[in-house]
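Derivation of every value follows stated rules applied to the coordinates shown; laboratory data play no part. What you see is a predicted model; the values in this text were computed from it and never measured. Don't worry about glycine lacking a Cβ; one is built from the backbone with ideal geometry, like all the others, and counts go over all protein chains shown.
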Amino acid sequence: MEFYRFERLLAHPKCIHGVTLKNMNMPYGCSLALHTGEEASKIIQNRQAVRDALGIDLQYRIVLADQTHSDHIHIVTQTKTCGWQEQKSAIASCDALVTAQKGVMLGILTADCVPVLLFDPHQEVVAAVHAGWKGTKANIVAKTVARMEAHFGCNPHDIIAAIGPSIGGCCYEVGEEIAAHFSHIEGAYTKKENGKYLLDLKYINKYQLLKAGLELKNIELSDVCTACDTERFFSYRKEQGCSGRFMSLIGMRPSSLSG
């Protein structure tokens, strides 16, 4: 099993991360969502395969959120698995997870929305953020950075950000009522001849991270549009309401494994 990865995160051995890819040899194309109606045992089978491929054994705990397109941020303080074997134990009504706990993997499920992985190598803090247009409108990624500052003493200049595969400004067509929320950001969208707008959520999240104090050199922006690359990624828009989801994961190795 292969993963989409980020060079800036790979440069730090203490950090472990990966974005899953479609695999049509696996159940439901390696969808990892327990909330979309597929047979749970097959999804858990897929999740175990991902765990094995990442090289994280049972000493790691995996924490997932019950994502609701909110700006709610949860600080994970316990080494306890949540939402991995069953949806009901996922962190309720939450779209960003932050932790300084070693051996805890944070995960975000997407199929067009923007997954953002954050890592402060100095304070040793990680975060996983789910940013659809509603979360992006609510500035969830900048609020997550602010929470990392307030709770863990992180300096935004030290934080590395990986903005993952998501629907691009080439394909994400929205109405004026949505585009208007981002009219203050130059380059956030382009207007089409049909009166619709092509919204660039990845670019907007990058803009928000820069405004939050991150260094441009520490932001890695995926050039993958999920709607253009449905061979490797699920796309809710392109695949007309597909139930598949891929997962973006980030965590820190336990001290004994950090080298």
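Sorting 3, 246 from the fewest to the most surrounding beta carbons within 10 angstrom yields 3, 246. Put simply, the C-alpha atoms of the stretch 91-235 give a gyration tensor, and the ellipsoid matching it has half-axes of 27, 16, 13 Å, longest first.
The aspartates and glutamates whose alpha-carbon is closer than 12 Å to the alpha-carbon of residue 202, local same-chain residues fewer than 8 away aside, are 112, 220, 223. Computed over every Cα-Cα pair of the stretch 1-119 and binned at 5 Å starting from 0, the pair-distance distribution P(r) comes out as 2, 10, 21, 25, 24, 14, 4, 0 percent. The count of lysine pairs in the stretch 24-152 whose Cα atoms are under 18 Å apart, excluding pairs fewer than 8 places apart on the same chain, comes to 4. Across the stretch 140-209, Cα pairs under 8 Å and at least six residues apart give a relative contact order of 36 percent.
Charge dipole of the stretch 94-233 (Cα centre as origin; +1 on each Lys and Arg Cβ, -1 on each Asp and Glu Cβ, all else neutral): 240 debye, rounded to the nearest 20.
Would you work out the charge dipole size for the chain about its Cα centre, treating the Cβ of every Lys and Arg as +1 and the Cβ of every Asp and Glu as -1, and quote it to the nearest 20 debye?
320
Using the Cβ of residue 60 as centre and a radius below 10 Å, the other residues enclosed give a net charge of +3, where K and R count +1 and D and E count -1. For the chain, what proportion of DSSP beta bridges, expressed in % and rounded to the nearest 5, is antiparallel? Here the share of antiparallel DSSP bridges comes out near 70 percent.
A cut-off of 5 Å between modelled amide H atoms, ignoring neighbours fewer than 5 places along the same chain, links residue 219 with 161. Counting Lys and Arg as +1 and Asp and Glu as -1 over every other residue whose Cβ lies under 15 Å from the Cβ of residue 244, the net charge comes to +1. Counting charges near residue 48 (Lys, Arg +1; Asp, Glu -1) among other residues having Cβ under 12 Å from its Cβ returns a value of +1. Hey, how many Å between the Cα centroid of the stretch 146-180 and the Cα centroid of the stretch 197-259? Value for the Cα centre distance between the two parts: 9 Å. Applied to the stretch 35-40, the Karplus parametrisation 6.51 cos²θ - 1.76 cosθ + 1.60 on θ = phi - 60° returns per-residue 3J(HN,Hα) values of 9, 10, x, 6, 5, 4 Hz, with x for Gly and Pro. Loop-resident trypsin sites (Lys or Arg not before Pro) (DSSP state other than H, G, I, E or B) in the stretch 173-259 with no more than 10 further Cβ atoms inside 10 Å of their Cβ: 192.
Taking other C-beta atoms within 10 Å as the exposure proxy, 160, 108, 91 rank 91, 160, 108 from fewest upward. Here r is the Cβ-Cβ distance between residue 180 and residue 92 and R0 is 30 Å; the resulting FRET efficiency, rounded to 0.05, is 0.45. Residues in the stretch 116-121 carry Karplus couplings, in order, of 10, 10, 10, 8, 9, x Hz; the curve used is 6.51 cos²θ - 1.76 cosθ + 1.60 with θ = phi - 60°, and Gly or Pro positions show x.
Take every Cα pair under 8 Å whose residues are at least 6 apart in sequence, average their separation, divide by the length of the chain, and the relative contact order is 25 percent. Restricting the GluC sites (Glu not before Pro) of the stretch 128-200 to loop positions (DSSP other than H, G, I, E, B) with no more than 10 neighbouring Cβ atoms within 10 Å leaves 186, 193.
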